[in-house]
Amino acid sequence: MAEFRARTQIVDPQADVQARMGVFSNFQQQLAEALVEFDLLSQTADANDPRMRQLNRRIEAIRHRIRDERLNFTKHDVTIDDTEDDTDYLRLIAQFERLQVDQVFAEATYQAALTAMDAGRSNASRQNLYLANFIQPTRAQRAQYPQTTLLNMVSGTMRPDTNEIISDGSISFTVAYSGNFHKDMAGAQNTRFLARVYGVDTDELCDFVEDFAEIGSHFHMPVRTYSSGMKARLAFGVSMGIKIDTYLIDEATATGDARFKCKSKDVFRARTAEASAVMVSHSMSDIRAFCDAGLVLNDGQIEAFDDIEEAIARHQGFLA
């Protein structure tokens, strides 16, 4: 900004424009007054009257000045890129505005950096105050909730330590999982983003989710303003709006109040009628309602059962 002012010899082009517009407006007012005076005088004096000739000269002089001011507004002798020429004044203003935007951005970035530095110093200070003796961590012999880890590996968000997981079709993210959403983006924006990721029509998915989730105008507001229930509705709507070969369900097959849960289960049944699903749940009623085969995971080993009742009996045997 300092370099710009040194090159152009103009501190603030906007203030300079206002001053020029003030001069221009003053000439316009003088012209209007002179024209009114000419009209009044022409009613009582003939064309050869010296006063008429004087008014004509004055009007022509004012018009000439207005013409010059207009030219000066669009063309101005300034220094740009180390060359002096008649440069478009509007380009000069545009350059100044770009510099202003860059300055605001730089100041905001600087403030953010200062804030981050202060936060880092504060965290470091806290950690220094509460330092404890280091204890070598030990690995748990048995995971408390291994099914979630298994689903993460099936969905591709985690890699198995050994062997591999092979799929012959598309796999969804966990149904009703809202961790995929960016909190600063609106529900509609998140929906469009996921539509592009899965290669489906963005408008069609947005229409389906907006109608299904029933969150009204909040659909076009940032996700950070949502309640947990609204996030769950949005996530479930997106999951059901994208047709997938295999759906992943971690406990939730429905969300919301009783009416919405009934609606969610109906849509979920319709989707799984045309696709497969992998469900992990502690609810044996849900397992019986949606599954026709079962896998029981115990101590890192999987047992497969074609009969869901046999799988449930085996699972309950481990809990006894």
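The values are calculated or read from the model by the stated rules, or taken from the named source; none is laboratory data. What you see is a predicted model, and the numbers here were worked out from it, not measured in a lab. Glycine gets a Cβ as well: all are built from the backbone with ideal geometry, and neighbour counts include every protein chain shown. The accessibility values were calculated without ligands, DNA or RNA, using every heavy atom of the protein model including side chains. Shrake-Rupley method; radii C 1.70, N 1.55, O 1.52, S 1.80 Å.
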Point to revise | Tally, over the range 176-200, of residues that are surrounded by 12 or more Cβ atoms within 10 Å (Cβ to Cβ) and not in a helix (DSSP H, G or I) | key: 8
Review point. Do the conditions hold for H218, that is, is it open to solvent by 40 Å² or more (accessible area, probe 1.4 Å), out of contact with any Pro (no Cβ under 7 Å at 6 or more places or on another chain), part of a helix (DSSP H, G or I) and over 24 Å from A275 (Cα atoms)?
Key: yes
Review point. Could we say that D211 is at pLDDT 90 or above and open to solvent by 80 Å² or more (accessible area, probe 1.4 Å) here?
Key: yes
Exercise for review: Can you give me the number of residues within the range 221-231 that are part of a loop (DSSP other than H, G, I, E, B) and open to solvent by 40 Å² or more (accessible area, probe 1.4 Å)?
Suggested key: 2
Practice item. Please find, within the range 239-261, the residue that is farthest from the chain's Cα centre (by Cα) out of those that are surrounded by fewer than 15 Cβ atoms within 10 Å (Cβ to Cβ) and within 24 Å of E204 (Cβ to Cβ). Key: D245
Review point. Which residue, of N123, N56, is modelled with pLDDT under 80, surrounded by 10 or more Cβ atoms within 10 Å (Cβ to Cβ) and not β-branched (V, I, T)?
Key: N123
Point to revise | Subset of the range 239-280 (residues that are among the small types (G, A, S) and modelled with pLDDT of 80 or more) | key: S239, G241, S264, A270, A273, A275, S276, A277
Practice item. Check whether at least one residue in the range 281-303 is open to solvent by 60 Å² or more (accessible area, probe 1.4 Å), within 38 Å of the chain's Cα centre (by Cα), modelled with pLDDT under 80 and not charged (D, E, K, R), and report yes or no. Key: yes
Study note, to complete from the structure: Filtering the range 183-204 down to residues that are over 23 Å from R259 (Cβ atoms) and in contact with a helix residue (DSSP H, G or I) (Cβ under 6 Å, 6 or more places away or on another chain) yields K183, A186, A188, R192, L194, A195, T202
Study note, to complete from the structure: Residue set H282, H315; condition of a type outside the set (K, R) and in contact with a strand residue (DSSP E or B) (Cβ under 6 Å, 6 or more places away or on another chain); output residue H315
Check your understanding: When the range 274-299 is examined, which residues are found to be under 21 Å from V154 (Cα atoms) and free of Cβ contacts under 8 Å to residues at least 24 places away in the same chain?
Key -> C291, D292, A293, G294, L295, V296, N298
